[in-house]
Amino acid sequence: MSMILSEEQVLLQDSAREFIKDQSPVSLLRQLRDEKDDFGYSKELWSYMTEMGWAGINIPEKYDGLDFGFKGLGIIMEEAGRTLTASPLLSTVVLGANSIVLGGSDEQKSTILPKVASGDCILALAVDEGPHHDPENISVEAKKTDTGYLLNGTKQFVIDGHIADYFIVAARISDQAGSLTGLSLLLVDKETSGIHIDRLSMVDGRNSANVTFDNVSLGASALLGEEKNGGDLLYKVLDLGRIALAAEMLGTMQQAFDTILAYLKERKQFGKLIGSFQALQHRAAIMFSDIELCKSVVMAALTAVETNSDDLAQLASLAKATVNDAYHQISNEAIQMHGGIGMTDEFDIGFYLKRARIAEVTLGSSSYHRRRYANLNGY
Amino acid sequence: MSMILSEEQVLLQDSAREFIKDQSPVSLLRQLRDEKDDFGYSKELWSYMTEMGWAGINIPEKYDGLDFGFKGLGIIMEEAGRTLTASPLLSTVVLGANSIVLGGSDEQKSTILPKVASGDCILALAVDEGPHHDPENISVEAKKTDTGYLLNGTKQFVIDGHIADYFIVAARISDQAGSLTGLSLLLVDKETSGIHIDRLSMVDGRNSANVTFDNVSLGASALLGEEKNGGDLLYKVLDLGRIALAAEMLGTMQQAFDTILAYLKERKQFGKLIGSFQALQHRAAIMFSDIELCKSVVMAALTAVETNSDDLAQLASLAKATVNDAYHQISNEAIQMHGGIGMTDEFDIGFYLKRARIAEVTLGSSSYHRRRYANLNGY
Amino acid sequence: MTDLNEFQQEVRTWLEVNCPASMRTPMVADEVTIGGRDTTFKNPDTKLWLERMGNKGWTAPTWPKKYGGGGLSPQETNILKQELKRIKARVPMISFGLWMIGPVLLEYGTEEQKQEHLPKIVRGEISWCQGYSEPGYGSDLAGLQTRAVEDGEDYIINGQKVWTSYADKCDWIYALVRTNTEVKHGGITMILFDMASTGVSTRPIKLISGLSSFCETFFDDVRVPKKNVVGEVNDGWAVSNRLLQFERENISADVFASDEVFDVRKIAKDYCSGSDGKVSDPLVRDSLSKILMKDHALKLTFKRVMEGTKAGSSTGSTSSIFKFIGAELNKDRYEFAIDAMGQQGMGWEGKAFTPYQLDVAHEWLRSKANSIEGGTTEINLNVIAKRVLGLRDS
Amino acid sequence: MTDLNEFQQEVRTWLEVNCPASMRTPMVADEVTIGGRDTTFKNPDTKLWLERMGNKGWTAPTWPKKYGGGGLSPQETNILKQELKRIKARVPMISFGLWMIGPVLLEYGTEEQKQEHLPKIVRGEISWCQGYSEPGYGSDLAGLQTRAVEDGEDYIINGQKVWTSYADKCDWIYALVRTNTEVKHGGITMILFDMASTGVSTRPIKLISGLSSFCETFFDDVRVPKKNVVGEVNDGWAVSNRLLQFERENISADVFASDEVFDVRKIAKDYCSGSDGKVSDPLVRDSLSKILMKDHALKLTFKRVMEGTKAGSSTGSTSSIFKFIGAELNKDRYEFAIDAMGQQGMGWEGKAFTPYQLDVAHEWLRSKANSIEGGTTEINLNVIAKRVLGLRDS
């Protein structure tokens, strides 16, 4: 019974859905955008989420977490996605916390994880160095020194980069080559000197930043995991991120589709409901079908994390690519089927389009993941 | 006024359309197929065509041709395509005759062209050596000898190969390298010893053959054009073939679409004409639009031949790729929109599907021509 | 649990003894049987295997023993299936009797009908075909015109059916006939009769892909006893809808299984590989991933629905997508194959092509019917739009 | 012929003298003018160029001289266009007056209306906006509800329009209003009035792409003289259809022109080039070819229709495809661009992005309206299916 939710999970889903609907409508994102909020997320909302344990949902109990499992996290991401909730869930709870849970030393864990669980610490994974997701080609360098590392280079489009307390930086250790083995993850306090942060204003109104490390001097204890297998750790964390993001996107596209469907049943032209036009009916039926496939791939990928399956990487790529393509299509249909009103900023549906393209390229476009699926399957 | 037909050309079109409709219905191809006709085309029909001058339409008057121009040939191809007419038009009149007109010596011209014009000589251009069109990679070799050439290798899917009186073989001259400069075209009498021909039975019922040259000894006079620029000649001839084939396919797809449209206006389900269902209406409208684009690219390419435009290669690739994709889509819709009856051999529409895929790959698939268009445009 | 373990041991032992070795090899096209009165068997093991499974009732494991079935519980049936799969046993026969009319008779048949027909279906003694579609009435099945007129204790049937699978080889037919011309859906009756009856004739249909199992079937004053009506007179539409459910489930299952016999990845590797053994053309590789990932997503959805069904949740809306997605995907699979194979995948016959290549070309053509037979893609989309999404014709 | 040669020489000389140098450089967004009473000009050359062309009548070359037009023959007009193109002269203004209401007045207007309005349009003294769509009546334009009620020699107008381009900047409006509530199409009238009239108010519409030239426009007891009706009362539907033809032609032309300011090939080269300067990812390269080849095919079709029109053949059925193909292609172009640019093409504002990158992101969003404004793609397809292909709703 890996593809359906347990009773406990259904309870979580119900409460998450209700909470998000009440506390985090799309108007909250609109407000953050219009007010050019300094943080880019609602601290009040985040404190509610933290109270419910969401910040520590993936953190072991000994570090004050809930240890609820990855499917629970997926459920929350999906519900948060429905209203385009801006929060540190992806940056901190998925990518950040899991980097430390999977790769951190005891000291790193006990320093950081309880603070994450209590909502007092924001983490940001710094991977990409250009506009496309490309973890196979990392050139930010950590030069080994007597006491640790000297970090140089620029990371781009770092999620929540301008509010992070710590960066987790994917860097190439100077004396090591090879695309995987040469990589390490380094835990970098934002207060370390030599860090320059440029907050970015993206179309989706969500947080992103370019972060430059200019001769940033780090102690040896900055290393997450071992020097030699940082690539494996990074890839595992990225897959968790892809799956969680796919879950978020699944929620977003479902809400967009529900909005379309409601409009088809309400809007009249030529004296008829537009939902009675067969061409639109067929397109709606195809969207429905695509969403059903997305539900399955996301659920399978979430399960694979919980069972630590050998298929994890493959299912992560399957989930991200499938969800990318369906959301792409639905986000376009969302505007087209709404007609003129869909083009107005006043109406919420445009936010779903804007979020779509950024979510699509984040952590890998469809063509990236189709190529990876091919590599993983040996063809 | 390059994109519309002259009065003279409209007259040709009218008479060609009437002739084809009367003399070459689809049932003729069916008969050739069912009787496993030895020649794969109707000699009677070909003699009528010859009488009208079609065999020599591209041949200069001094060699008994009509010299009507390439647009005239395109008109005939299009009309012949409507009923899937099997004839040596593509092999002999387009690819064969033009190879000789463009590259032949006076002697070659006066030996071959009058026979082509009188319908007494079938030519076959032998280019491909595998299942995909790939003139950039020719390995059939013509070894230079004291008296001429020794030809070795196998050509595949040679149109009209089993009925050809002469082959025009694209071969690599042994002492020359490079993809273009090393190629030459050789004119080979089918009676020369060492030639083995395997006729192929293809899904579309049209002629194709594998031809093996086993130490075929040729005189120096077998060379068409000069040794060094055989590649240019070959590429020019291939482009003429692509354009003429695109014209044929344009006729075929228009007829398929007309058949669909007639069925949409005649077939009832649930008490309504199926052509009244909006989903089918929209799909029909898109097919119509695709055909309109195809008409333009074919006409532009035909014009480019007549004006010997610098854009010829680019327009040939544009025409073939555009027509490929539209015909692909229409051939699938043709079956789907006809439902069960479209699946029966008794009904003609299946022939249009079978012809589609072979025509699509002949002289280059869409992806081949998109790649070539990119190369020609320098990106 | 112990009982099930015992049952499993019992099944395993029985299969070890009774499933002939050749029945554990992949199915060969001309060794498929549909059973029936006049069947001949190319491979004698096929006959043996069918007889043994039929006598045991395991061709219809869930049917009651009194009708010749296996009388197994769902759990036992699952174990039987697992064990058959474990030894890769061939399916004993292809049977519309088992899959369609049998389940319908269990629900709607009279006791007499069950006694007469079900045991012969289980043992493969009588084969069945389906008389539904008519020329002019494909998607609009309820428009059918074949008339059944009362004549004493009989009906006299006149009309024509089309797309009758194996009509020229089957012993009996279950047919939809019109018993009332005043109303459309409410004037249809399901009736059973022997294909050897006077007035029945058949003509095989040649498809664009070549010869097929489909026939046109003609009824010319065919006399059928009234007791052969299934369910109530004029209630055939409800009966047939129940039956079409079984058909749809079988077609979906078929489509799912199809990539086991037809591996697009192998084709890509055989025809488009570079020196490293990987697909060299990035465009082909991307297309292949699209197909395999869609297939993967569809299989996971199938799994999700199965688990949901077991857990008692309603899965009708999700399973409404299977037929059309499976059909479109299978068409895409064959288009990919012939594209990868180029002209070598376009052969009709002859030695210049391998049997496998010829198969691909013919199956590519055959695949075009996937989105027509058993409900067109258009009808599937209509159903999803209306029944699942609640979009109405206003 | 000699006359035409002379004319060409004359035009060339005049342009040499009168077209300011800065008006021969590519258009800059904030130097575009729509003319009108209160216009200010950022670049004084814009004002000069508009005045000179307007006084010459060459902003409306084919209109009669007595209404301020150029009075040129089609051949002369062609020569003028060629010469303007040769020196890459900017279009003097963006004008709904020139492109839409002007041609309609020439056909349907009273002599008084022509005398009053046309010369001011030619010289850009009065700018016009279009009051057609209403909230709730987009594709179904004829459902419009804005009421015009007779009151002596005037109409009193009440209602709301939407998608009124530059309503907040324009001097006059041509609007469709309802003069009869009993019938749908037959109750519509076209009327002209001054936007400075009492009771007119406007509110700019913010689009998903940011601020736009569109407005909502409200009419609250606006008093308009009856003599401002264009054509007959209740015949506005026919008049507006004629006008929409002009609009469609202009939108098609716009879409065609768009790749001149937005070059997807450059984007592919800038963001996806390998060391040889060619697009390194074969998938991106293939997508780019698809877009450029579709564009090429569309341009050739445009050429074919133009030549056909000149030769006197009917081209209505072919030109019915321009709007939706152009719109869909333009959307594809922007999707290609942002895909090639990755997150660098997703910026909303700020210095981390070049102005060009920000433009692409905003124009990508704006492009989504291409298949909605001026007739949705769905309406275009309906029209082709019904009027061109003769498929009817039965």
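FYI, it's all coordinate maths here, none of it is from the lab. All of these numbers come straight from a predicted model, not from anything done at the bench. For neighbour counting, all protein chains shown are included, and Cβ atoms are generated from backbone atoms with ideal geometry for every residue, glycine included.
Based on the Cα coordinates of chain C, what is the per residue volume of their convex hull in Å³?
Details: hull volume 70.0 nm³, N = 394.
Roughly 178 Å³ of hull volume per residue.
Taking the C-alpha atoms only, the angle from helix D:322-341 to the longest principal axis of chain D is near 40 degrees.
Looking only at the protein assembly as shown, where both bridge partners belong to it, what percent of the DSSP beta bridges are antiparallel (to the nearest 5)?
Values: 128 of 150 bridges.
Here the antiparallel bridges make up roughly 85 percent for the protein assembly as shown.
Report the net charge of residues surrounding B:D165, where surrounding means a beta-carbon distance below 13 angstrom and charges are Lys +1, Arg +1, Asp -1, Glu -1. Intermediate results must be reported in sequence, preceding the final value.
Values: positive: B:K115, B:K190; negative: B:D120, B:D160, B:D189, B:E191.
Counting the neighbours of B:D165, the net charge comes to -2.
I need the shape label for the range B:187-261. Rule: rounded when a/c is under 1.5, else prolate if a/b > b/c, else oblate, with a, b, c from the alpha carbon gyration tensor. Since a/c reaches 1.5 but b/c is at least a/b, the shape of the range B:187-261 is classed as oblate.
Can you sort B:I349, C:I156 by how many other beta carbons sit within 10 Å, fewest first? Don't skip to the answer; put the middle values down first.
Details: B:I349 22, C:I156 17.
Ranking B:I349, C:I156 by Cβ neighbours within 10 Å, fewest first, gives C:I156, B:I349.
Quick one, what does Rg over Rh come out to for the range B:124-228 if you take C-alpha atoms and the Kirkwood Rh? Provide the component values of the computation, followed by the final result.
On the way: Rg = 13.1 Å, Rh = 13.7 Å.
Looking at the range B:124-228, the ratio lands at 0.96.
Across the identical copies, the 7 Å label point of D:K299, projected outward along Cα→Cβ, sits 4.7 nm from its counterparts, in ascending order.
Computed 3J(HN,Hα) for the range D:178-189, one whole-Hz value per residue from the Karplus formula 6.51 cos²θ - 1.76 cosθ + 1.60 where θ = phi - 60°, is 8, 10, 8, 9, 6, 10, 7, 5, x, x, 10, 10, glycine and proline marked x.
Near the amide H of C:S212, within less than 5 Å, lie the amide hydrogens of C:I205, C:L207, all on another chain or at least 5 residues away, with H placed in the peptide plane.
If you line up the long axis of helix D:111-122 against the longest principal axis of chain D, both from Cα atoms, how many degrees apart are they, to the nearest 10? Taking the Cα atoms of chain D, the angle to D:111-122 is about 30 degrees. Could you pull out the pairs from D:K65/D:K85; D:K56/D:K266; B:K71/D:K310; A:K320/B:K320; B:K268/C:K169; B:K43/B:K190 whose alpha carbons sit more than 30 Å apart here? Among D:K65/D:K85; D:K56/D:K266; B:K71/D:K310; A:K320/B:K320; B:K268/C:K169; B:K43/B:K190, the Cα-Cα distance tops 30 Å for D:K56/D:K266; A:K320/B:K320; B:K268/C:K169. Across the range D:238-388, the volume of the C-alpha convex hull divided among the residues equals 131 Å³ per residue. Calculated [222 nm] ellipticity per residue, helices only, for chain B: -16000 deg cm²/dmol; basis is -39500 (n - 2.57) per DSSP H run with n ≥ 4, divided by all residues, nearest 500. In order along the range D:219-227, phi translates into HN-Hα couplings of 10, 10, 6, 7, 9, 10, x, 4, 5 Hz, rounded to whole numbers, per the Karplus curve 6.51 cos²θ - 1.76 cosθ + 1.60 with θ = phi - 60° and x for Gly and Pro. The residues C:R242, D:R387, when put in order of fewest to most other Cβ atoms within 10 Å, stand as D:R387, C:R242.
Panel note: the C-alpha atoms of the range B:46-159, placed on their principal axes, show extents of 42, 33, 22 Å (largest first).
Work out the P(r) tail for chain A: percent of alpha carbon pairs separated by more than 25 Å, whole number. All intermediate terms of the calculation are to be shown ahead of the outcome.
Numbers: 38733 of 71631 pairs.
Looking at chain A, the distances longer than 25 Å represent 54 percent of pairs.
I'd like to know how the range D:143-230 sits against the 2.2 N^0.38 Å rule of thumb: what's its Cα Rg over that expected value? Before the final figure, lay out the partial values.
Values: Rg = 13.3 Å, N = 88, 2.2 N^0.38 = 12.1 Å.
The range D:143-230 yields a ratio of 1.11.
The lysines whose alpha-carbon is closer than 23 Å to the alpha-carbon of C:K226, local same-chain residues fewer than 8 away aside, are C:K114, C:K120, C:K161, C:K184. How far, in degrees from 0 to 90, does helix B:106-117 lean away from the longest principal axis of the Cα atoms of chain B, to the nearest 10? The helix B:106-117 is inclined about 30 degrees to chain B. Sequentially through the range A:134-146, phi angles give Karplus couplings (6.51, -1.76, 1.60; θ = phi - 60°) of 8, x, 6, 10, 9, 10, 4, 10, 10, 7, 6, 10, 4 Hz, Gly and Pro residues having no value and appearing as x. Backbone amide hydrogens, once placed in the peptide plane, bring B:I163 within less than 5 Å of nothing, excluding anything fewer than 5 places away on its chain. Neighbours of D:T46 by Cβ distance under 13 Å: Lys/Arg scored +1, Asp/Glu scored -1, total +1. Using modelled backbone amide H atoms (1.01 Å from N, in-plane), which distant-in-sequence or interchain residues come within less than 5 Å of C:D235's amide H? The list, which skips near neighbours in sequence, is C:M190. For B:A262, the label point sits 7 Å beyond Cα toward Cβ; its separations from the matching points on the remaining copies run 5.0 nm, from shortest to longest.
With the convex hull of its Cα atoms as the shape, the protein assembly as shown has an orientation-averaged projected area of 65.6 nm².
Ranking D:W348, A:W54 by Cβ neighbours within 10 Å, fewest first, what do you get? Walk me through the intermediate numbers first.
On the way: D:W348 18, A:W54 26.
The fewest-first ordering by Cβ neighbours comes to D:W348, A:W54.
In the assembly of identical copies, D:E232 has its label point, taken 7 Å from Cα in the direction of the beta carbon, separated from the corresponding points by 6.0 nm (ascending, one decimal).
Summing charges over all other residues whose Cβ lies under 11 Å from the Cβ of A:N375, with Lys and Arg as +1 and Asp and Glu as -1, gives +4.
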